[in-house]
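Let me give you the structure first, and then I'll get to my questions.
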Amino acid sequence: MTQVLQGVRVLDFGRYIAAPWCSALLGDMGADVIRIEKREGGEDRFVQAVTPGGIGGGFLQFNRNKRAMTLDTTRPEGQEIARKLIATADIVIANMPDQAMRDNGLDYASLKAVKPDIILASATAYGRGGPYSDRVGFDGVGQVMSGAVARSGLPEQPFRCAVPYVDHTTALMLTIGTTMALMHRNKTGEGQEVEAALLPVALSISNALIIEETMAQKSRQRIGNKGMAIGPSDLFRVGDGWLLIQVTGQAMFKRWCRLVGEEGWFADPRFANDDLRAANGDVLNDKMQAWCADKTIGDAAKLLDAARIPASPMLSPLQAGVDEHVQAMGFFKMMEYPGLPRPAPVIETPFRMSATPGTIRSAAPVLGQHTEELLGELGYDAAAIAGLKARQIV
């Protein structure tokens, strides 16, 4: 099967999440992705280690379908090899500080001098052109500066989201921008620079909150897991765990009232619309909790589903991986990797296409796994490669 991006070559100088997840998605769609790391390995190889050698769980997800080589791009010989690779590439992906990009010859001007139609896709923390642009930052920057954390948690304690949703969403935005740039290049022959930054991506997710508070000129308070604009809505305790239950809209509210035996609330002015139900959410949530108290997850979920009310059990990460629907849908590919005690559940391409689906064809590479292969493709013979290794260029 011919994939959408077959024939496209991507050089991945990315680290951690936003840049390498972008390149992995391009790889899922058929691109030849080459991960280029320092000789000792990129720092992101070793975050949340799952093997005796220290390879991280996220690394397995973000670097499938890639070939890998080591290269010291701070030295002239390494930079010459990088230029040869760039000359063969369609896209370069990186998320280094601007000075490091220039020092390594990866800024757009340097890339364009080698390959005039190159596309540079970069992930930054704050976006270029503002007073914070030279600062470094991770996912939490976007979370706390977007207003999201101020609205998350308990009145006395804000909570940052445990999963790096800003990093992941930035990767998706960078993937969209990069594919748009590729379409533009295919039409015009022109390359361009694409940037996705953590802060504006986080602001896009929080935009409705920002609009609401800007119009009202006041801030809402943190309310835990309760619904901000609907009710009942919360995590409710049942006999064997927790259920998330969310009711929105008049039709669903009436179905919920029938389920819990409160048909008299149809005409109660406290519950006339979603905003009023949110304002009086404690009453509705207390009723929902009382209804849940003597039921198991299975029993409660069955009744709620029959009433067409959204409800889902709270799963641990371990439980999420073995959920029956997740298993039946094939959302994970069980992947072998050196040192793993058992195959790891690596997420499949998180969107589906009927004619040209994404595929996971290979596991994340071990450090420098394809260095000799890639140098050979550039014309280096065995003796030259041995010399590069001896001089610690690769």
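By per-residue mean of other Cβ atoms within 10 Å, what is the highest-first order of 2-15, 296-309? Don't skip to the end; give the middle numbers.
Numbers: 2-15: 20.0, 296-309: 15.6.
Put in order of decreasing packing, that is 2-15, 296-309.
Which aspartates and glutamates have a Cα lying under 16 Å from the Cα of residue 226, excluding residues fewer than 8 positions away in the same chain?
Leaving aside aspartates and glutamates fewer than 8 places away in the same chain, those within reach of residue 226 are 156, 234, 274, 275, 282, 286.
Pick from 121, 251, 363: which residue has the top mean-square fluctuation in a GNM of the chain where Cα pairs under 10 Å get a spring?
For the chain, modelled as a Gaussian network with Cα springs under 10 Å, the answer is 251.
Order of 238-248, 350-360, 21-31 by packing, highest average Cβ count within 10 Å first? Don't skip to the answer; put the middle values down first.
Values: 238-248: 17.7, 350-360: 12.7, 21-31: 26.5.
Final packing ranking: 21-31, 238-248, 350-360.
Which of 84/389; 302/333; 218/287 have a Cα-Cα distance over 23 Å? All intermediate terms of the calculation are to be shown ahead of the outcome.
Working: 84/389 18 Å; 302/333 29 Å; 218/287 30 Å.
The answer is 302/333; 218/287.
Treating the beta-carbon of each Lys and Arg as +1 and of each Asp and Glu as -1, no other charges, what is the dipole magnitude of the stretch 233-316 about its Cα centre, to the nearest 20 debye? Walk me through the numbers on the way to the answer.
Values: 10 positive and 12 negative charges, 45 e Å.
That gives a dipole near 220 debye.
Which FRET efficiency value, to the nearest 0.05, do you get for residue 207 and residue 392 by plugging their Cβ-Cβ distance into 1/(1 + (r/R0)^6) with R0 = 45 Å? Walk me through the numbers before you get to the answer.
Working: r = 48 Å, r/R0 = 1.07.
Plugging the Cβ-Cβ distance into 1/(1 + (r/R0)^6) gives 0.40.
Assuming a ≥ b ≥ c are the square roots of the Cα gyration tensor eigenvalues, decide whether the stretch 233-316 counts as rounded (a/c under 1.5), prolate (otherwise, with a/b larger than b/c) or oblate.
On the way: a/c = 1.93, a/b = 1.72, b/c = 1.12.
Taking the square roots of the gyration eigenvalues as a ≥ b ≥ c, the stretch 233-316 is prolate.
Separate question: Determine the gain in length on full extension of the stretch residue 187-residue 282; use 0.36 nm per residue of separation and subtract their C-alpha separation, reporting nm with one decimal. Kindly include the intermediate steps, with their values, before the conclusion.
Numbers: separation 95, 0.36 × 95 = 34.20 nm, distance 5.67 nm.
In short, 28.5 nm is gained.
Under DSSP H, which helices of the chain have Cα atoms covering 18 Å or more of the helix axis and a Kyte-Doolittle average no less than 0.0?
Working: long enough: 165-188 (34 Å, 0.07).
Counting only whole DSSP H runs, the qualifying helices are 165-188.
In whole Hz and in residue order, list the ³J(HN,Hα) couplings for the stretch 261-275 that follow from phi through the Karplus curve 6.51 cos²θ - 1.76 cosθ + 1.60, θ = phi - 60°; x for Gly and Pro.
3J(HN,Hα) across the stretch 261-275, in whole Hz: x, 10, 4, x, 6, 3, 9, 6, x, 5, 10, 6, 8, 4, 4.
Subtracting the Cα-Cα distance from 0.36 nm times the residue separation, let me have the gained length for residue 381 to residue 246 in nm, one decimal.
Values: separation 135, 0.36 × 135 = 48.60 nm, distance 6.33 nm.
Gain on stretching residue 381 to residue 246: 42.3 nm.
Same structure again: Can you grab the distance from the C-alpha centre of the stretch 98-122 to the C-alpha centre of the stretch 222-246, Å, no decimals?
Taking the Cα centre of the stretch 222-246 as reference, the centre of the stretch 98-122 is 49 Å away.
Take the Cβ-Cβ distance between residue 263 and residue 132 as r, set R0 to 41 Å, and report the resulting FRET efficiency rounded to the nearest 0.05.
Details: r = 55 Å, r/R0 = 1.33.
Calculated transfer efficiency: 0.15.
In the stretch 109-203, which trypsin sites (Lys or Arg not before Pro) are in a loop and have at most 15 other Cβ atoms within 10 Å, using DSSP for the loop call?
Values: sites: 112, 128, 135, 151, 160, 185, 187; in loops: 128, 135, 160.
Sparse-neighbourhood loop trypsin sites (Lys or Arg not before Pro): 128, 135, 160.
Pull up the DSSP beta bridges for the chain and report the antiparallel fraction as a percent, rounded to 5. Could you put the intermediate results ahead of the total?
Details: 16 of 38 bridges.
Beta bridges within the chain, antiparallel portion: roughly 40 percent.
Now for a different question. Looking at 353, 266, 329, which one has the Cα that reaches farthest to the positive end of the dipole of the chain (charges on Cβ: Lys, Arg +1; Asp, Glu -1)?
266
Shifting gears a bit: Using a Förster radius of 45 Å, what is the FRET efficiency between residue 113 and residue 220 based on their Cβ-Cβ separation? Nearest 0.05, please.
Details: r = 51 Å, r/R0 = 1.14.
So, using R0 = 45 Å, E works out to roughly 0.30.
Most fluctuating residue of 229, 181, 364 in a GNM of the chain with Cα springs under 10 Å: which is it?
Greatest mean-square fluctuation among the candidates belongs to 229.
Top mean-square fluctuation among 315, 120, 367, Gaussian network model of the chain, C-alpha springs under 10 Å?
Evaluated over the chain, the most mobile residue of the options is 315.
Using amide H atoms built in the peptide plane, which far-off residues or other-chain residues are under 5 Å from residue 362 H to H?
Placed amide hydrogens put 65 under 5 Å from residue 362.
Using alpha carbons only, how many angstrom separate the centre of the stretch 341-388 from the centre of the stretch 15-77?
10
Can you bin the stretch 49-115 into rounded, prolate or oblate? Criterion: square roots of the alpha carbon gyration tensor eigenvalues sorted a ≥ b ≥ c, rounded for a/c under 1.5, prolate for a/b above b/c, oblate for the rest. Show your work: numbers first, answer last.
Working: a/c = 2.10, a/b = 1.97, b/c = 1.07.
Prolate is the answer for the stretch 49-115, as a/c is 1.5 or above and a/b outweighs b/c.
So how strong a dipole does the chain carry about its Cα centre when Lys and Arg Cβ are +1 and Asp and Glu Cβ are -1, to the nearest 20 debye?
Values: 41 positive and 44 negative charges, 32 e Å.
Approximately 160 debye in magnitude.
Bear in mind that the values in this text are calculations on the coordinates, not laboratory data. A quick note: this is a predicted structure, and the numbers were derived from the prediction, not measured. We place every Cβ from the backbone using ideal geometry, glycine too, and count neighbours over all the protein chains shown.
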